[in-house]
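The values are calculated or read from the model by the stated rules, or taken from the named source; none is laboratory data. It should be emphasised that the depicted structure is a prediction, and the values quoted were computed from it without experimental measurement. Positions of Cβ are generated from backbone atoms using ideal geometry, with glycine treated the same way; all protein chains shown enter the neighbour counts.
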Amino acid sequence: MHAPDGFLQPSVALVTAILSIGVLALGLRHAGRELGDRQVPLAGVAAAFIFAAQMVNFPVAAGTTGHLLGGALAVVLLGPWVGMLVVSVVVIVQALLFADGGLTALGYNTLNMAIVTAFGGWAAFLLVRKVMPRTSGGVIGAGALAAGVSVVLSAAAFSIEWLFGASAPVAFDTVFGAMVGVHVLIGVGEAVLTGLVLSAVMASRPDLVIGANHLTSDELAVRSRVGMRPFLIGSVLAAVVVGVVISQFAASSPDGLERVAIDNGFAESATDHAFGSSLFSDYATAGVSNESLSLAVAGVAGIAVTLLVGGGVLSASRSVRRRQMV
Amino acid sequence: MPACSVVVRDLRFRYPGEHHDALHGLSIEVAEGERVAVLGPNGSGKTTFVMHLNGLLSMQSGEIRIGDLSVVEDNLREVRRVVGAVFQDADDQLFMSTVREDVAFGPANLGISGSELDELVERTLKRVGADGYADRNPHHLSGGEKRRVAIATVLSMDPHVLILDEPTSGLDPAGRRELIDLLSGLAQTQLIVTHDLPLALQLCARSVIVSGGKVVADAPTVELLSDVELLAQHRLELPMGFDPSRL
Amino acid sequence: MSGAHGSTVSRIFIPGDSQIHRLSPETKLVAVVAAVIVMAVTPRHEVVAFALDAVGAWSVIALSGIGVRTYLKRLAVIIPFILFAVIVPFLSGGESVQVVGVSLSVDGLWATWNILVKAGLGATMSIALSATTPVAELLHGMTRLRVPRLLVAIIAFMLRYIDVLVEQLGRMRRSMVARGHDPRWLWQIKPIASSAGALFVRSYERGERVHQAMLARGYSGVMPVVNDRHASTREWLSVMAYPFMFAVVLVVVV
């Protein structure tokens, strides 16, 4: 999802750039303070690891492959601030050296792929970890679920930005349905991969996993063995449930193509709407008869992303303070 | 003359969470400008020992003196200038984007800058036979080149003592010979940790065997390597057909 | 979502002695960012402006002498967005035109054009920058532009070790293939995932050893500045003329 230049309106590019720079600056301050100078080479090598891990192709079915994105993995391994920094650096380097993602798109690319996945993933991880058993299996499961959630959050964040800065006359509903729908599938893959990579690290060096810091060595020693197949079946089932819930949203707003045929010429009148003409991109709300529904979907998605990301930032700051007091 | 003595007395160290001492009362004295090979099986404490010499591991009990300098927290800055450590994996040592920046890293930390720094880098690279490498990416160097540049990164700090951890591992025969030529031409006191017994014989008049966290043998290298029984006791073996007495 | 990062770090820079190669990195960086911003804010109807921008961007590629093949190969990163852009006219509303019997939205076609031209020109500028500037130089440029040192240092370490890690990964992969591992289904991926986990552990330990190597050479928490040459005012003026040209095109045409 490395969006190129011009994919969203300049206003959104500017606002997200300011936001991302602010969060990065905070992250640098935290990382600089958190564990001192050791973090510098460590964060750099970890960023190289995430970059390399994204190059590993995993088989999905019958020869098709997918790859890891790594946002949630990074925070479970390295903690929220350093993890966020590491994934941001990966996104920046991909744009700067590989032309993968536009330079003017760095604001929203960093926000969606690094900041939202890191803090949203961290919040989801903390929440799930609470209901999981205090074992390494619990940490792995929470990490896997958080990874799946983080990918869907990232897609939702993009859809919301589309609402403000669409560059094409495709309605928010269509973008939201397609982005989130596709990313639920990608999320399953991300969850499985993150879980497996985490379990490999937990098996050899559990002390390196920040997300498992709360466990005593006795709790770490408990090996809950879950087979590969049950694990996969479980994650696919979870995805189906999430997919059904989301398709309920999408189904209530008619399919994009159909809509176009019915509402030809509607775009002009929609711009008169109080919301449509001011805050939101004309495009994103155009072509949808039930504009309030579209805004409701956007609102719910926005609240979900904000709550999780905000919660992640909050608990991340709190954990830093606690460590400083010790 | 840039060399000084090394004195280690009764060094003890235990890694956190372990039940055995990694170092169990290790003592050794090395004279100014002397080259000593540190031999011993894997896990004997060799690397733990040398990591104490520049304070990368902080001492739990015992005493280390580098020349007049005591290795304690307050002296670490000076100790690390005087003791240059060349690590086993050159990719750990060469962490910057160019050879120039890597060789300049140490002296720049000491406050040297500008043209003085540039000249120092050029001079040091020439000394290790790597002149003209300055703008290359360390990743693109061969194993032997990496090792020589790694040595340059500490020579540029003008150290009095050199610690080399497995300097010949992974080198081809020519690279190994070039390295030996380089090391034998350096005036610094040298401690060479190695499994390469012929290297010890070629470079060092004296060798010690570290086993179980202390020095169990300390003698002229020829003598040590001729004692087949002693070597076998500590999992050391000469290459087949190699006879130290006939050198 | 593109997984193929084409080449690894050591192959991004293409050695050469062109005018573009000789420019100082910080001026190049600023000029490219400024040019891309100007392109990004250019209204999509200004076809003439984009045509002139394209001439400008391609001149840089031509001057740099990196070759059409390399350029096109690197441009391939935007393919996923071309695919997206092509679908847009089918999904969009508003006034439509008939193209070989299919009804396409006019507005949607403009959107397709907008995404294609901006993505293409933006990527072209990035490619021109990274292909003509050695990574180390680019990092110096960032330092001189006051990008936080900590951030530059993290990026520098990342770039130094990507190729090392990719090689480690390749070795692990070969050893798996050598033992007959040929996964085709999702439930066969455990060995690959384990190797990724092992790679993390090795990376972490590498990071710790690098830190020790830094301490051993007097590191005290601040990366030393080794190269402090600054670009001259003349250099700045000549390079900034480039995005300025783009801006002039924008103002004149609009």
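Six or more apart or on different chains, Cβ under 8 Å: which pairs go from a residue in the range B:105-133 that's among the basic types (K, R) to one that's at pLDDT 90 or above? Could you list them?
Once the first residue is among the basic types (K, R) and sits in the range B:105-133, its partners that are at pLDDT 90 or above give B:R127/B:A152; B:R127/B:L155.
Between C:L159, C:L145, C:L150, which is surrounded by fewer than 18 Cβ atoms within 10 Å (Cβ to Cβ), under 25 Å from the mean Cα position of the chain (by Cα) and under 22 Å from C:V30 (Cα atoms)?
C:L145
Can you find even one residue in the range B:28-45 that is at pLDDT 90 or above, among the small types (G, A, S) and either more than 19 Å from the chain's Cα centre (by Cα) or outside any loop (DSSP other than H, G, I, E, B) (or both)?
yes
Kindly provide the set of residues from the range C:221-237 that are more than 12 Å from chain A (Cβ to nearest Cβ) and either touching a residue at least 40 places away in the same chain (Cβ under 8 Å) or outside any helix (DSSP H, G or I) (or both), ordered by number.
Matches in the range C:221-237: C:P224, C:V225, C:V226, C:N227, C:D228, C:R229, C:H230, C:A231, C:S232, C:E235, C:W236.
Can you find, within the range A:33-65, the residue that is modelled with the highest pLDDT among those that are outside any helix (DSSP H, G or I) and within 14 Å of C:Q168 (Cα to Cα)?
Across the range A:33-65, the extreme among qualifying residues is A:M55.
Does at least one position in the range C:174-186 carry a residue that is among the acidic types (D, E) and at pLDDT below 85?
Among the residues of the range C:174-186, at least one is among the acidic types (D, E) and at pLDDT below 85, which makes the answer yes.
Would you check if A:I115 is under 24 Å from A:V93 (Cα atoms), at pLDDT below 90 and of a type in the set (V, I, T)?
no
Would you confirm whether any residue within the range C:194-209 is of a type in the set (S, T, N, Q), closer than 15 Å to B:D92 by Cβ and in a helix (DSSP H, G or I)?
Yes, the range C:194-209 has at least one match.
Hey, can you tell me all the residues within the range B:95-149 that are of a type in the set (F, W, Y), closer than 26 Å to C:E208 by Cβ and assigned to a loop (DSSP other than H, G, I, E, B)?
The one that is of a type in the set (F, W, Y), closer than 26 Å to C:E208 by Cβ and assigned to a loop (DSSP other than H, G, I, E, B): B:F95.
The rows are residues; the columns are (1) more than 30 Å from A:M179 (Cβ to Cβ); (2) touching a residue at least 24 places away in the same chain (Cβ under 8 Å); (3) not in a loop (DSSP other than H, G, I, E, B).
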residue: C:I79; (1), (2), (3): no, yes, yes
residue: C:L83; (1), (2), (3): no, no, yes
residue: C:V88; (1), (2), (3): no, yes, yes
residue: C:L109; (1), (2), (3): no, no, yes
residue: C:V117; (1), (2), (3): no, yes, yes
residue: C:A131; (1), (2), (3): yes, yes, yes
residue: C:L138; (1), (2), (3): yes, yes, yes
residue: C:M142; (1), (2), (3): yes, yes, yes
residue: C:V147; (1), (2), (3): yes, no, no
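Filter the range B:49-87 down to residues that are facing another protein chain (nearest Cβ under 10 Å) and assigned to a strand (DSSP E or B), then give me how many there are.
4
Take the residues in the range B:153-188 that are in a loop (DSSP other than H, G, I, E, B) and polar (S, T, N, Q), then tell me which one is farthest from the chain's Cα centre (by Cα).
Going through the qualifying residues, I end up with B:S156.
Take C:W58 and tell me if it is more than 10 Å from every other protein chain (Cβ to nearest Cβ), part of a helix (DSSP H, G or I) and either at positive phi or touching a residue at least 24 places away in the same chain (Cβ under 8 Å) (or both).
Against the criterion (more than 10 Å from every other protein chain (Cβ to nearest Cβ), part of a helix (DSSP H, G or I) and either at positive phi or touching a residue at least 24 places away in the same chain (Cβ under 8 Å) (or both)), C:W58 qualifies.
Find the residue count for the range B:11-32, including only residues that are surrounded by fewer than 15 Cβ atoms within 10 Å (Cβ to Cβ) and in contact with a Ser or Thr (Cβ under 6 Å, 6 or more places away or on another chain).
Residues in the range B:11-32 being surrounded by fewer than 15 Cβ atoms within 10 Å (Cβ to Cβ) and in contact with a Ser or Thr (Cβ under 6 Å, 6 or more places away or on another chain): 1 in total.
Filter the range B:145-177 for residues that are within 14 Å of chain C (Cβ to nearest Cβ) and among the acidic types (D, E) and give the result.
Passing the criteria: B:D158, B:D165, B:E166.
From the residues in the range C:171-207 that are under 24 Å from B:L57 (Cα atoms) and more than 7 Å from chain A (Cβ to nearest Cβ), which one is surrounded by the most Cβ atoms within 10 Å (Cβ to Cβ)?
Only one residue fits best here, namely C:R202.
In the range C:15-44, what count of residues is obtained for those that are in a helix (DSSP H, G or I), surrounded by fewer than 18 Cβ atoms within 10 Å (Cβ to Cβ) and away from chain A (no Cβ under 14 Å)?
Residues that pass the stated criteria total 2.
Please state which one of A:A142, A:A171 is in contact with a Ser or Thr (Cβ under 8 Å, 6 or more places away or on another chain) and surrounded by 24 or more Cβ atoms within 10 Å (Cβ to Cβ).
Sole residue among the options that is in contact with a Ser or Thr (Cβ under 8 Å, 6 or more places away or on another chain) and surrounded by 24 or more Cβ atoms within 10 Å (Cβ to Cβ): A:A171.
Can you find a residue that is surrounded by fewer than 19 Cβ atoms within 10 Å (Cβ to Cβ) and under 27 Å from B:D21 (Cβ atoms) anywhere in the range B:184-205?
Checking the range B:184-205: at least one residue is surrounded by fewer than 19 Cβ atoms within 10 Å (Cβ to Cβ) and under 27 Å from B:D21 (Cβ atoms).
Go through the range C:65-74 and count every residue that is within 14 Å of chain A (Cβ to nearest Cβ) and in a helix (DSSP H, G or I).
5
Those residues that are among the basic types (K, R), more than 9 Å from every other protein chain (Cβ to nearest Cβ) and under 16 Å from A:P41 (Cα atoms), I need them from the range C:117-170; list them, please.
Correct list: C:R149 only.
Scan the range A:208-220 for residues that are at the interface with chain C (Cβ under 10 Å from one of its Cβ atoms) and free of Cβ contacts under 8 Å to residues at least 12 places away in the same chain and report the count.
Qualifying residue count for the region: 0.
Of (1) within 7 Å of chain A (Cβ to nearest Cβ); (2) more than 25 Å from the chain's Cα centre (by Cα); (3) of a type in the set (G, A, S), C:G218 satisfies all except one. Which?
(1)
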